[in-house]
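Written out below as structure tokens is the structure these notes cover.
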Amino acid sequence: MAYQAYADYSEIEPDWLGVLPRHWSFRRLRFAASEPLMYGANEAAVLDDRGLPRYIRITDVKDDGTLYDDTFRSLEEDVAAPYLLQDGDILLARSGATVGKSFQYLSSWGKAAYAGYLIRFRPDQCVIFPRFANYYFQTACYWACINSTLIQSTIENFSAEKYKELKLPLPGESEQQQIAAFLDWKTGQIDALIARKRELLEKLKEKRLAVITQAVTKGLNPATPLRDSGIPWLGQVPQHWEIVPLGFLMTMSGGMTPSMANSEYWDGDIPWVTPKDMKQPRISDSIDHITEAALRETAIPLIAVNAVLIVVRGMILAHSFPTAITERAVTINQDMKALRCGEQLNVEYLFWCLTGFAKVFSGLAQESAHGTRKMETETLKKFLIPVPPLLEQTAIVGHLIIQLQKLDRLMELAEVVINRLTEYRTALITAATTGKIDVRGVKIPKAP
């Protein structure tokens, strides 16, 4: 049901809020805060003491608004004291790939402080209900405002000064609470559906990984005699296969970042691959590009077709090991490595090996002083992989292409459903928190 009367606040000042119900108003974020917006602590994430306050970084926040347990870090009491969070505080990411992402802290998480790339918004509960505010930070109009500002500035940064001027829709107190309760109910139902689809997706991923691992460790002939590899995570391998350090089978090259201050180096035609591009098994393009001038005037190497790209630095190594094959010549940044196979190794086979052993590689990634993860070059070179004869490598590659087609299709369908449910969730939150639907008379079931 929709409201009967609307006021067009875009006539006062153009804004992503647009039309709101006539009895609603809006207020800038700074006037809805009980305290000034505040940046977090600029401290390295080195402690892992669960008896100390948790140190929250945006990389700790899951898409469902909860926190990863395996990335837990802490701060000393005296260091954390100025940055301790209160129940209902909302953290907003101010830079990087996660800019705009939000997280609402609840006291049930335990004592916690937050990192410097986050901004704390402490809602004035006489003005705005914290859960209502948190829902607004998930709306399409909020993200449209964030993305528009980023496009205009060309820098992935949304400072406290910018957040202060953000406008929030404001119905009355009881209506805010009703909207939040309605969204708790409805998003709970949607989240349950998404969780089931994600559970199915994880099972399909596990099955896919099992198919790959079986092929690259045992081969295709179940009657082949096996021998102990002497490597606990590898187990038995076909008797005629070799076990060879990766460094003997390939050459490795790194990348770099040409000077961002030199505009002549950027927006060219040459792909510049970074970890954020490593979401597909084949790389034919990238988000960012460099020019021929950058290639001539800097030390950045051009990586040829049929190289295997891997990520060697970043928090993603805490849980995965992104791998891809180049389908055109590219360049890479310093968080990547490119592997070129020697005569003993089929590039496609190497790709499937690295994919099949991704969990092992992830476990080998070390933590740097800044809390991120890195894969040492020497660790990569010493890593032992099973190497069948070249003809057998080719047969394994062909087998995997056929066997994984059905699983990949099922995974694609599951992801389509998850994306549609996620879009519906965002649309519902947007409609409720900007007054496009009237939920005042909706009877909300009590939680069991």
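Taking amide H as placed 1.01 Å from N in the peptide plane, ALA33 has its amide H under 5 Å from the amide H of ASP124, each at least 5 places away in sequence or on another chain.
Cross-link reach is defined here as a Cα-Cα straight distance under 22 Å, omitting same-chain residues fewer than 8 places apart; for LYS382 the lysines meeting it are LYS218, LYS337, LYS359, LYS374. Net charge in the neighbourhood of VAL216 (other residues with Cβ under 12 Å of its Cβ; Lys, Arg +1, Asp, Glu -1) is -1. Is the shape of region 160-313 best called rounded, prolate or oblate, per the rule: a/c under 1.5 gives rounded, else a/b larger than b/c gives prolate, else oblate, with a ≥ b ≥ c the square roots of the Cα gyration tensor eigenvalues? Note, shape of region 160-313 comes out oblate. Ranking PRO82, TYR142, LEU67 by Cα position along the charge dipole of region 59-158, where only Lys, Arg, Asp and Glu carry charges on their C-beta atoms, puts TYR142 farthest toward the positive end. Rounded to two decimals, the Cα radius of gyration of region 343-448 over 2.2 N^0.38 Å is 1.85. The length gained by stretching the chain between ASP269 and ILE287 to full extension, at 0.36 nm per residue less their Cα-Cα distance, is 5.4 nm. Put a plus charge on the Cβ of each Lys and Arg, a minus charge on the Cβ of each Asp and Glu, and nothing anywhere else: the dipole of the chain about its Cα centre is then about 1120 debye.
Working note: Karplus 6.51/-1.76/1.60 with θ = phi - 60° gives region 194-204 the couplings 4, 4, 5, 5, 5, 5, 4, 4, 5, 5, 5 Hz, where Gly and Pro are set to x.
Counting only Cα atoms, region 220-305 measures 59, 24, 21 Å along its principal axes, largest extent leading. Here the extension length gained between ARG409 and ILE444 equals 8.8 nm, from 0.36 nm per residue of separation less the Cα-Cα distance. Each part reduced to its alpha carbon centroid, region 328-346 and region 243-295 end up 10 Å apart.
Couplings 3J(HN,Hα) for region 28-39, derived from phi with the Karplus relation 6.51 cos²θ - 1.76 cosθ + 1.60 (θ = phi - 60°), are 5, 4, 5, 8, 9, 9, 7, 9, x, 4, 9, 6 Hz, where x marks Gly and Pro. Taking a point 7 Å from the Cα of LEU209 along the Cα-to-Cβ direction, the residues of region 350-391 with backbone N closer than 16 Å to it are 352-365. Convex hull volume of the Cα atoms of the chain, normalised per residue: 181 Å³. Whose amide H sits under 5 Å from the amide H of ALA112, counting only residues 5 or more places off or on another chain, with H placed in the peptide plane? Distant-sequence amide H within range of ALA112: ARG54, LEU85. Quick check on region 107-148: take the gyration tensor over C-alpha atoms, sort the square-rooted eigenvalues as a ≥ b ≥ c, and tell me if it's rounded (a/c under 1.5), prolate or oblate. It is oblate, given that a/c is not under 1.5 and a/b is not larger than b/c. A Förster radius of 45 Å, combined with the Cβ-Cβ distance separating TRP185 from LEU391, puts the computed FRET efficiency at roughly 0.15. Within region 411-448, the trypsin sites (Lys or Arg not before Pro) that combine a DSSP coil assignment with at most 14 other C-beta atoms in a 10 angstrom radius are ARG440, LYS443, LYS446.
Taking the alpha carbon gyration tensor of region 165-224, multiplying each eigenvalue by 5 and rooting it gives semi-axes of 51, 14, 5 Å, largest first. Taking all protein chains together and rolling a 1.4 Å probe, MET250 ends up with roughly 20 Å² accessible. Around the amide H of MET38, modelled in the peptide plane, lie the amide H atoms of ARG120, all under 5 Å away and 5 or more residues distant in sequence or on another chain. Our analysis of region 63-179 gives Rg over Rh at 0.97, with the two radii drawn from alpha carbon positions and Rh computed by the Kirkwood formula.
At full extension, ARG198 and VAL46 could sit 51.5 nm farther apart than now, given 0.36 nm per residue minus the alpha carbon distance. If you sort the three axes of the alpha carbon gyration tensor as a ≥ b ≥ c, you get a/c of 1.5 or more for region 294-390 and a/b no higher than b/c, which makes it oblate.
The values are calculated or read from the model by the stated rules, or taken from the named source; none is laboratory data. These figures come from a predicted structure and were not determined experimentally. Reconstructed Cβ throughout: ideal geometry from the backbone, glycine too, with neighbour counts over all protein chains shown. Note: accessible area is taken over every heavy atom of the protein model, side chains too, but ligands, DNA and RNA are not part of it. Shrake-Rupley method; radii C 1.70, N 1.55, O 1.52, S 1.80 Å.
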